[in-house]
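Read-outs throughout are calculated quantities, based only on the coordinates presented, and are distinct from any laboratory measurement. All values derive from a computational prediction rather than experimental measurement. Cβ placement follows ideal geometry from the backbone for every residue including glycine, while neighbour counts extend to all protein chains displayed.
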Amino acid sequence: MASPLPASLLLTFAFALALVAGLIVKFWLATRQIRHVARHRDAVPAAFAQAITLAAHQKAADYTIAKTRFGLLEMVWGAMVLLGWTLLGGLDLLNRLLLDALGGGMWQQLALLAAFALIGGLLELPFTLWQTFRLEERFGFNKMTWRLWLADSVKALLLGAAIGLPIAALILWLMGAAGRLWWLWAWGAWMGFNLLLMLVYPTFIAPIFNKFQPLDDATLKTRVTALMKRCGFAAKGLFVMDGSTRSAHANAYFTGFGASKRVVFYDTLLRQLNAGEVEAVLAHELGHFKYRHVLKRMAAMFALSLAGFALLGWLSGHAWFYAGLGVQPNMTAPNDALAILLFMLAVPVFGFFVAPLPALISRRHEFEADAYAVAQTNGADLSRALLKLYQDNASTLTPDPVFVKFYYSHPPASERLARMATA
C-alpha cells in the first residue's frame, strides 16, 4: 500500500494549483473586460446619451482597457515574484544570509521583515512609476512631479519604518513569549494598533503628505453642516485636501474614529460639482454611517484577523508549513518572522476565490447609501454628481458584468442610476 504524501508536498501542490487557477481566472476576467469595453466603445449607452459625450465615453473605454492590460502585466510579474520568494527559495536564501550575518534573535527577524518589504518595494517600483508617469499621465490624471513623488516615497518609507517596526517587534515578542495562545494576545495588540492609527491618522499622519485647509465656502459649509445635523452626524471639522497636486481624480471621504472624525473633500471635487451635488455626495457617505456599514466592516475585519492569527498560530508550529512553501525552518533560531511572511504570501493566493463575496456586500452597501442620500437630499443632484464623477474619473459605463461581480466594490453607473430612479 502506497504511503500518503507528506503534508509539505500536499501544501506545495495546493499552493501551486491555487496560484495557477487564480492566474487563469484573472486572465479570463481581464480579457472579458477588455473585449466587452472595446465592443461598446463606439456608442454611448442610450441611458447616458444626453449627458455623456462620445469623446468622454471613448476616453473612459481606452483608459479602462489600458489599465486592464497593464494589470495583466502586473499579474504575471507578481506571480513570478511570488514563486521566487516561495517555491524557488528566495525567502529561504534571504533568511540564511541574514542568519549568517546577524545570528538568530529579534534583530535578525526584524531585519528579515524589513529586507523583504524593501526588496518587494523595489521589485514593484517599475510598475508604480509606469502607472503614475505614463499611464495616468497619458490620460491627463497625473499631476505629480518627480520631486513630489520622491518626497512622498521617502516619507512613506520613514513612516513605515517608524510605525511598522515597533508593532512587528511587539508581535514577534508575543510569538516567542506568550505561550500557546500568543496569537490571541497578538490579535489584541494588532487591533489596538489599528484603532490607534484610526485616531491619529487624520491629525498626525495625513498632513505629512497633503495639505488640509478648513472649508471656506460659507454657502457650502452651511448646507453641509445642516445636512450632518439633520442626519445626526458630528464631525470635528470640514476640510479641503490638495488632491490636485497629485491627481485629477476627485473624491470625498470621512476619516478618523470617534471624536477625531472629520469630513475631507478633494479640491478637485469642489471644482467639478456644485453645492447641491457636493451635498448629495456627502449624504451618500453619511448613509454608510447611518446603516453602520463602517462598524460592520470593522467587525468583519476584527473577525477575519482573529481567524487569521489563530490559523497562523497553528501553522507556525508545523515544519511542513515552511517546507511546503520553499523554506527550511530554522533549527536553532526562531521562525516567527518566516511564518508571518509565508502566511502573508500564501493567504492571498487561496483567498482570491472568495473575493466576489466582499465585493457583493460592498455593492449592496453602496445601493443602501445611495437610497439614503436620495431620501435626505435631491436625487437628481446625486445622479448628476455620479455622472460627473464617472466622467471625470474616466470610469467606463459599459463594464463586463462578470468582471463587475468579481471585482467591483461599487455598482456600475447604469445600475446605480436605475436603482435611484425607482427609489
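Think of the chain as a dipole: +1 on every Lys or Arg Cβ, -1 on every Asp or Glu Cβ, centred on the Cα centre; then among Ile119, Ile205, Ala18, Ile205 lies furthest on the positive end.
Cα convex hull, region 128-272: 143 Å³ per residue, rounded to a whole number.
Sorting the Cα pairs of region 210-264 by distance into bins of 10 Å, from 0 upward, gives 21, 53, 24, 2 percent per bin. In region 324-413, the convex hull through the Cα atoms has an average projected area of 9.2 nm², a quarter of its surface area. Quick check: the angle from helix 293-315's long axis to the longest principal axis of the chain, C-alpha only, nearest 10 degrees? Approximately 10 degrees, to the nearest ten.
Taking other residues whose beta carbon is less than 10 angstrom from the beta carbon of Asn378, and scoring Lys, Arg as +1 and Asp, Glu as -1, yields -2. Could you tell me how far the Cα centroid of region 208-266 sits from the Cα centroid of region 21-42, in Å? Region 21-42 and region 208-266 have Cα centres separated by 37 Å. In this structure, the residue pairs whose Cα-Cα separation is over 26 Å, taken from Lys211/Lys236; Lys229/Lys405; Lys26/Lys388, are Lys229/Lys405; Lys26/Lys388.
What fraction, in whole percent, of alpha-carbon pairs in region 64-135 exceed 14 Å separation? So the pairs more than 14 Å apart make up 67 percent of the total in region 64-135.
The angle between the Cα long axis of helix 218-230 and the main principal axis of the chain comes to about 70°, on a 0 to 90 degree scale. In order along region 14-29, the Karplus-derived 3J(HN,Hα) couplings, from 6.51 cos²θ - 1.76 cosθ + 1.60 at θ = phi - 60°, round to 5, 5, 5, 5, 5, 5, 5, 4, x, 5, 4, 5, 4, 5, 4, 5 Hz, and Gly and Pro are given as x. Please find, in a Gaussian network model of the chain (springs between Cα atoms separated by less than 10 Å), the residue of Ala385, Ala61, Ala117 whose mean-square fluctuation is greatest. The residue with the greatest mean-square fluctuation here is Ala117. If you take the charge dipole of region 293-423 about its Cα centre, with +1 on Lys and Arg Cβ and -1 on Asp and Glu Cβ, which of Ser395, Leu306, Thr332 is farthest toward its positive end? Toward the positive end, the furthest listed residue is Ser395.
Diagonalising the gyration tensor over the Cα atoms of region 1-136 and scaling each eigenvalue by 5 before taking the square root yields semi-axes of 43, 23, 9 Å, largest first. Annotation: amide H of Thr255 within the under-5 Å range of Arg262, Val264, sequence separation 5 or more or interchain, hydrogens built in the peptide plane. Restricting to Cα pairs below 8 Å that are 6+ residues apart, what does the relative contact order work out to for the chain? Please round to a whole percent. Computed over the chain, the figure is 25 percent. Could you state, as a whole-number percent, how many of the C-alpha pairs of the chain are farther apart than 29 Å? Counting pairs separated by more than 29 Å, the tail of P(r) holds 56 percent.
Max-minus-min Cα coordinates of region 280-337 on each principal axis give 60, 18, 18 Å, with the largest extent listed first.
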